[in-house]
Amino acid sequence: MASIVLTNVDKIYAGGVKAVDGLNLEIKDGEFMVLVGPSGCGKSTALRMIAGLEDISGGEIAIGDKVVNHLPPKDRDIAMVFQNYALYPHMTVEENLAFGLKLRKMPKPEIQKRVNEAAKMLGLETYLKRKPAALSGGQRQRVAMGRAIVREPQAFLMDEPLSNLDAKLRVSMRASLNQMHERLGVTTVYVTHDQVEAMTLGDRVCVLRDGILQQVDTPQNLFDKPVNLFVAGFMGSPAMNFVTAELVRDDGAAVVFAGIRLPIPDSTFTDKPGLDQYIGKKIILGIRPSDFEDAGSAGSHANGWATLPVKAEVTEELGSEINVLFLIDAPPVEHKDTVAAADAGEDEEALPLTGDKSLWTARVNARSHVRPGQHIDLVVDTHNMHFFDVTSGLAIGHEANR
Ligand SMILES: Nc1ncnc2c1ncn2[C@@H]1O[C@H](COP(=O)(O)OP(=O)(O)OP(=O)(O)O)[C@@H](O)[C@H]1O
Ligand SMILES: [Mg+2]
């Protein structure tokens, strides 16, 4: 096992595309690091440079204590798993797993031992004598993983390995991957554009945009303390709600927008140094859907939350929760960072917007029984409001922005 350290790494493709721009990233020994971001942000390029499949245009990559800039892939002691894995169709699962080790002239008993261990870990024991054509997609992907595992490399590099699987299989493979990482503790760099996958798998997650690192942190910190509008809008599903608002202080500090006034708790000003300098000015306010609740079904934890009367335009029932879509009487925020984040979203809202209104989402408990067209009171946890500078898009008071 080994750490992987990228220092000021650039990639400029022939034709001048700067796919990776000054990337600094320290992946700790044994860490599961996820690279996430919208299509074309440079995730695969970064991974391929670590693997040695792509030259680097500038900077330095070290695996363990060795700079590998000029080391060919085979000498880097890493194993890659891709979205489009290719198994040998004429070989059994067992032969597929053993093939790479045979090439390396490993003694037979050692090959057998490693193949058996990998098969056990991945639940492939009963399929060892089958050929790939007789396996499901998920089982084939497990074999591809198994081929990486048997090599016992210093690091695993994975590029969207689950994206060809259906949703249910992805969830169970995610669990297998988590388990495997727990067991083996091998340093892993994992690329995905799926932020749910990123949040559930990563010890830490690195968010990229246009080749530039936005934030690298634990999933919880990315969710609670996004460093800018882009990360705030990209991580979390449904996406964070945004509005341009004014900070005021009259009989207490508050944020005012669309005829709504939400009080700002004193603790917020302590948590976010510099926020008080925005009193009397415009900011971009962000509220996560999960920080709302239906006033009628909210528990006592919502005591003291601010109330927001709304009309439910659309409701999406998810079983234990309901997404309530409602309109806010304010134009959608047009900042380059929210636009880009919205474009990257998968569940694009198809509600026709009438001019100057913004569509917001509240995620409430299913006990709410709210129906489309109903007027309800939402309550909102004002402790979790996010504030962004209208020009820079940076989160106000975030330690990285001070
Ligand atoms: N061989 C290449 N030659 C020129 N440009 C390339 C090459 N490969 C990738 N690019 C460009 O580099 C940028 C980053 O590409 P990359 O494949 O790393 O993105 P990605 O984040 O993996 O995207 P996706 O989520 O779609 O896989 C893109 O603008 C892409 O068009
Ligand atoms: Mg890619």
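So the values come out like this:
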| item | result |
| --- | --- |
| Any hit, segment 150-163, residues being open to solvent by 60 Å² or more (accessible area, probe 1.4 Å), in contact (Cβ under 8 Å) with a residue 60 or more places away in the chain and within 24 Å of A2 (Cα to Cα) | yes |
| Selection count, segment 32-49, where residues are out of contact with any Ser or Thr (no Cβ under 8 Å at 6 or more places or on another chain) and either hydrophobic (A, V, I, L, M, F, W, C) or more than 8 Å from ligand 1 (Cβ to nearest atom) (or both) | 4 |
| Residue list for segment 334-378, filter: modelled with pLDDT under 65 and crowded, with 17+ Cβ neighbours inside 10 Å | A340, A341, A344 |
| Some residue of segment 146-163 being more than 16 Å from ligand 1 (Cβ to nearest atom) and of a type in the set (S, T, Y) | no |
| Flag if R142 is at pLDDT 95 or above, among the basic types (K, R), buried (at least 19 other Cβ atoms within 10 Å of the Cβ) and touching a helix residue (DSSP H, G or I) at 6+ places or on another chain (Cβ under 6 Å) | no |
| Residue list for segment 179-209, filter: within 18 Å of E26 (Cβ to Cβ) and of a type in the set (K, R) | R204 |
| Enumeration of residues in segment 5-26 that are more than 11 Å from ligand 2 (Cβ to nearest atom) and in contact with a Lys or Arg (Cβ under 9 Å, 6 or more places away or on another chain) | D10, K11, I12, V17, K18, V20, D21, L23 |
| Strands (runs of 3 or more DSSP E) fully within segment 1-115 counting 1 or more residues that are of a type outside the set (A, V, I, L, M, F, W, C) and surrounded by 14 or more Cβ atoms within 10 Å (Cβ to Cβ) | 4-12, 18-27, 58-63 |
| Selection from segment 27-64 of residues that are near ligand 2 (Cβ under 9 Å from one of its atoms) and either outside the structural domain of D10 (by TED's automatic domain parsing) or of a type in the set (G, A, S) (or both) | S39, G40, G42, S44 |
| Checklist (1) over 21 Å from N24 (Cα atoms); (2) open to solvent by less than 50 Å² (accessible area, probe 1.4 Å); (3) within 13 Å of the chain's Cα centre (by Cα); (4) modelled with pLDDT of 95 or more applied to F223, failing item | (2) |
| Which listed residue is surrounded by fewer than 19 Cβ atoms within 10 Å (Cβ to Cβ) and within 29 Å of the chain's Cα centre (by Cα), from F292, F269 | F269 |
| I4 being touching a helix residue (DSSP H, G or I) at 6+ places or on another chain (Cβ under 8 Å) and in contact (Cβ under 8 Å) with a residue 40 or more places away in the chain | yes |
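The values are calculated or read from the model by the stated rules, or taken from the named source; none is laboratory data. All values derive from a computational prediction rather than experimental measurement. In this analysis, Cβ positions are derived from the backbone assuming ideal geometry, glycine residues included, and neighbour counts consider all displayed protein chains. These accessible areas exclude ligands, DNA and RNA; they are computed on the full protein's heavy atoms, side chains included. Shrake-Rupley method; radii C 1.70, N 1.55, O 1.52, S 1.80 Å.
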